[in-house]
């Protein structure tokens, strides 16, 4: 059985993961508007992955006899000045999510909720990958800023990775 404190924190993380999905969809839509279909497809695949992260939490709460409480998902920003600014927003968000996951792990340990602590190990590892991927993509996008040819090459590379490899850039 989940403690009320853990249950509340996990529900808040579901909300954060669903917002992550919304943010990635907003970035995908923006890249689509910029006619960068590879970026758009890659971010759409990422949005699906973030939704899955929320669903895993959803099931963990239910499996532990808790109650899922879904909140309204906030509206993400809809536009950016350039591609690297859009990717930087995602990188900063992933760093924020890492902090949330680490705080959840600390809380689970403090509450002696070993099942949740073990469950969160996957998220901790996932966040290392998510941050590294976002950082790499941000740096690559910043490198080609101002170079339409470079941006198109990166867009084509991302199109090849679209949904099949999820978080890799």
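Derivation of every value follows stated rules applied to the coordinates shown; laboratory data play no part. Just so we're clear, the structure is a prediction, and the values are computed from it rather than from any experiment. Cβ placement follows ideal geometry from the backbone for every residue including glycine, while neighbour counts extend to all protein chains displayed.
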Simple label model, 7 Å out from Cα along Cβ direction - residue 82 to residue 143, nm
1.6 nm
Assuming R0 = 22 Å, what is the FRET efficiency of residue 68 and residue 5, from their Cβ-Cβ distance, to the nearest 0.05?
0.90
Nearest 10, in degrees from 0 to 90: the angle of helix 114-143 to the longest Cα principal axis of the chain is 10 degrees
Mind checking the angle between helix 4-33 and the chain's longest principal axis? C-alpha axes, 0 to 90 degrees, to the nearest 10.
10 degrees
Taking Rh as the Kirkwood radius computed over C-alpha pairs, what is the Stokes-Einstein D of the stretch 1-80 at 37 °C in a medium of viscosity 0.692 mPa s, expressed in µm² per second?
245 µm²/s
Kindly give the semi-axes, whole Å and largest first, of the ellipsoid equivalent to the stretch 46-113, taking each as the square root of 5 times a Cα gyration tensor eigenvalue.
29, 16, 10
For the chain, modelled as a GNM with alpha-carbon contacts under 10 angstrom, which of 103, 29, 45 fluctuates the most?
103
Before rounding to the nearest 500, sum -39500 (n - 2.57) across all DSSP H runs of length at least 4 in the chain and divide by the residue total; then give [θ] at 222 nm in deg cm²/dmol.
-27000 deg cm²/dmol
Taking the alpha carbon gyration tensor of the chain, what are the square roots of 5 times its eigenvalues, largest first, to the nearest whole Å?
33, 15, 13
How much length would be gained if the chain were fully extended between residue 132 and residue 106, taking 0.36 nm per residue of separation minus their Cα-Cα distance, in nm to one decimal?
7.1 nm
The chain: relative contact order as a whole-number percent, Cα under 8 Å and 6+ apart
31 percent
Residue 59 versus residue 95, label points 7 Å from Cα toward the beta carbon: distance in nm?
3.3 nm
If you rank 145, 126 by fewest surrounding Cβ atoms within 10 Å, what's the result?
145, 126
Could you give the angle, 0 to 90 degrees to the nearest 10, between helix 148-161's Cα long axis and the longest principal axis of the Cα atoms of the chain?
40 degrees
